[in-house]
Amino acid sequence: MAPPYRNEVESLRAENERLRAELGAQRPRRPRWRRPWVTALLIALELIALFALQPWLNAPSDVRFWGAVAILVALGIAAALSAFGHGRRAD
């Protein structure tokens, strides 16, 4: 006589493994060792740009001033995104 309930443990395990493999293929992981170097490089580049753009920041021209501010803000945002990540992380 067969048991009154079906045992589907093995089929559920196989389905879970298939779904985990599918999720792993969809979300590529970024190597962790690159992120600190990119962040440090962007911060150094921003400091260099800050000193290099001093004439523009002190210029009487509004275009040069706001151009320098835009460059510095873009570098700051890029460094922050590199340091803290953006979107959903795959950790």
*Could you say whether any residue in region 31-39 is at pLDDT 80 or above, more than 30 Å from Ser82 (Cβ to Cβ), open to solvent by less than 80 Å² (accessible area, probe 1.4 Å) and of a type in the set (Ser, Thr, Tyr)?*
no
_Hits in region 56-71 - residues which are among the hydrophobic types (A, V, I, L, M, F, W, C), over 19 Å from Leu45 (Cα atoms) and surrounded by 10 or more Cβ atoms within 10 Å (Cβ to Cβ)_ = Ala59
_Those residues of region 40-67 which are more than 25 Å from Leu81 (Cα to Cα) and not in a helix (DSSP H, G or I), in sequence order_ = Asn58, Ala59, Pro60, Ser61
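The values are calculated or read from the model by the stated rules, or taken from the named source; none is laboratory data. Please read these numbers as outputs of a predicted model, since none were measured by experiment. Cβ coordinates were reconstructed from backbone atoms using ideal geometry, including for glycine residues, and neighbour counts include every protein chain displayed. Side chains included, ligands, DNA and RNA excluded: accessible areas come from the protein's heavy atoms. Shrake-Rupley method; radii C 1.70, N 1.55, O 1.52, S 1.80 Å.
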